[in-house]
Amino acid sequence: MTAYPAIADPVWCVHGHFDNDRRADRRHHSDPVVMRLALPDVVDRGDHWPHPHRWVTAALVIRLTQRLDEIQPALTLYRDPTATDAWVRCTPTEAERLADLLVRAAELAEAPLPTERALDGPFWQDAACPSWCSGGHLPEDAYEDRTHFGELPSVAGAVLIDLLLETAAEGRPEQLEVTVAQHYRSTTARVHVIKSEQAELRLTPAEARTLAAYLRQLVQTAGLPAETTWPWKPIEGVTVGGEPAFPCPHRHPWCRGHNKTEITEYRQLGNHLLHSGPITSAPFTTSGSPGSIDICINSLTDREQPFAYLQLLGGDGGAELDATTIDQTIAALQFTKKFLHEAQPGT
């Protein structure tokens with residue numbers, strides 16, 4: 001594709017590089033991890049979208065990014081799947097500390113609620129505070145302020161995470177803090193991730209554990225060695241959509257490749273790549289006109305399971321199958337089924 005990268009592509013880089021990339025695109029990107037969230041409202045994409053597609057599920061998007069002159073990748077978090085500006089950029093070390101805090105917060109949030117009545121609490125409090133609550137409730141607290149709130153015990157010597165990659169504000173670094181909160185009439189506590197006492201992300205305990213697992217997984221991925229042998233150049237004699245085809249960024253050996261337009265559009269959040277490759281075919285003859293049932297394997301980047309696609313070529317729109325052709329078709333489908341099982345992620 002190009003020779004300008006100063007460092008070899010990491011194995012997690014899936015967006016490729018081209019000579020005419022804008023400066024903002026001259027970086028390595030991983031596939032995004034999309035984590036759906038239950039507590040925020042859905043995202044309104046605007047009235048210029050048709051009604052069924054105007055609202056999208058609230059989600060946290062995480063990906064690895066690395067500029068060509070950076071010594072290590074960063075974990076970049078986006079507050080919703082349509083965002084173009086990152087909410088938080090953190091180093092792998094900061095991401096590991098955040099994961100530790102999230103697990104600790106989930107443990108506190110999942111602790112059983114007290115059943116005894118509060119002896120010295122305000123009139124509206126019908127049960128004692130959870131063990132982690134810092135107290136300080138007053139009779140005049142408004143309904144929405146009647147919340148149990150507590151800071152986490154120190155994890156690895158700190159409860160605040162200084163964000164080294166963020167711009168400091170008024171001489172103070174941007175920071176992440178993880179706390180636990182629960183309204184007095186709620187049965188479940190929530191985990192809050194707060195950026196510099198302003199931007200806040202609310203998670204259920206299960207979501208906090210899931211986010212911690214994703215962060216640790218991406219930290220491990222960030223430590224994988226660079227790949228110096230991947231052929232980022234057009235596949236000789238192969239085109240897709242009339243344009244030269246480049247090797248599949250996801251290294252699927254069965255994928256026929258992608259053109260430059262598909263790869264550059266995939267760099268934007270919310271876009272997907274369609275992987276496709278021919279598998280096998282079963283020939284037939286209808287009234288002297290030859291044809292074939294062609295089978296290819298397709299896979300979208302947001303789907304874990306690939307699927308088979310059948311296409312009828314020739315035969316004037318239909319196919320007359322004799323016993324031999326039926327056997328050939330069954331054999332082709334059985335072969336495709338075996339291929340689908342072997343093509344699943346992790347195999």
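Take each of the peptides 140-148, 49-57, average the number of other beta-carbon atoms within 10 Å over its residues, and list them starting from the highest.
Working: 140-148: 12.3, 49-57: 10.6.
Packing order, densest peptide first, comes out as 140-148, 49-57.
How far is helix 323-342 tilted off the main Cα axis of the chain, in degrees rounded to 10, range 0 to 90?
For helix 323-342, the angle is close to 30 degrees.
Among the lysines, which fall within straight-line cross-link reach of Lys260, defined as a Cα-Cα distance under 17 Å, with same-chain neighbours fewer than 8 residues apart omitted?
Answer for Lys260, where 17 Å is the Cα cut-off: Lys233, listed by chain and number.
Which peptide among 262-270, 306-314 comes first, and what is the full order, when sorted by highest mean count of other Cβ atoms within 10 Å?
On the way: 262-270: 16.1, 306-314: 14.3.
Descending mean neighbour count gives 262-270, 306-314.
What does the accessible area per residue of the chain come to in Å², with a 1.4 Å probe and no ligands, DNA or RNA counted?
Values: 19210 Å² over 347 residues.
That works out to 55 Å² per residue.
If you place +1 on the Cβ of every Lys and Arg and -1 on the Cβ of every Asp and Glu, how big does the dipole about the Cα centre of the range 140-295 come out, in debye to the nearest 20? Show your work: numbers first, answer last.
Working: 13 positive and 19 negative charges, 149 e Å.
It comes to approximately 720 debye.
Could you look at the chain and say what percent of its accessible area is carbon and sulfur, using a 1.4 Å probe and all protein chains?
Working: 9800 of 19210 Å².
The computed percentage sits at 51.
Name the cysteines of the chain that stand alone by the Cβ rule: no other cysteine Cβ under 4.7 angstrom.
Here Cys13, Cys90, Cys296 come out as lacking a disulfide-compatible partner, given the Cβ-Cβ threshold of under 4.7 Å.
What is the sum of charges around Pro283, taking Lys and Arg as +1, Asp and Glu as -1, for the other residues whose C-beta is under 13 Å from the C-beta of Pro283? Can you show the working numbers first?
Numbers: positive: none; negative: Asp294, Glu320, Asp322, Asp327.
Neighbourhood net charge equals -4.
For helix 205-222, what angle does its Cα long axis make with the longest principal axis of the chain, in degrees from 0 to 90 and rounded to 10?
60
What do you get for Rg/Rh of the chain when both radii come from the Cα atoms and Rh is the Kirkwood radius?
Numbers: Rg = 26.6 Å, Rh = 24.2 Å.
Expressed as Rg/Rh, it is 1.10.
Within a Cβ distance under 15 Å of Arg54, other residues only, what is the Lys/Arg minus Asp/Glu net charge? Spell out each step's value before the answer.
Details: positive: Arg45; negative: Asp41, Asp44, Asp47, Asp80.
So the environment of Arg54 carries a net charge of -3.
Roughly speaking, what is the stretch gain from Arg202 to Ala24, that is 0.36 nm per residue apart minus the C-alpha to C-alpha distance, in nm to one decimal? Let's see the in-between values first.
Values: separation 178, 0.36 × 178 = 64.08 nm, distance 3.05 nm.
So the chain would gain 61.0 nm between Arg202 and Ala24.
Dividing the convex hull volume of the alpha carbon atoms of the range 157-264 by its residue count, what do you get in Å³ per residue? Write out the running numbers ahead of the final one.
Values: hull volume 24.4 nm³, N = 108.
So the per-residue Cα hull volume is 225 Å³.
Students often check this: by mean Cβ neighbours within 10 Å, which of 176-184, 331-339 ranks highest, and how do the rest follow? Please list the in-between numbers first.
Details: 176-184: 20.7, 331-339: 14.4.
Packing order, densest peptide first, comes out as 176-184, 331-339.
The values are calculated or read from the model by the stated rules, or taken from the named source; none is laboratory data. Because the structure is predicted, anything quoted here is derived from the model rather than measured. Cβ atoms come from the backbone with ideal geometry, glycine included; neighbour counts cover every protein chain shown. Side chains included, ligands, DNA and RNA excluded: accessible areas come from the protein's heavy atoms. Shrake-Rupley method; radii C 1.70, N 1.55, O 1.52, S 1.80 Å.
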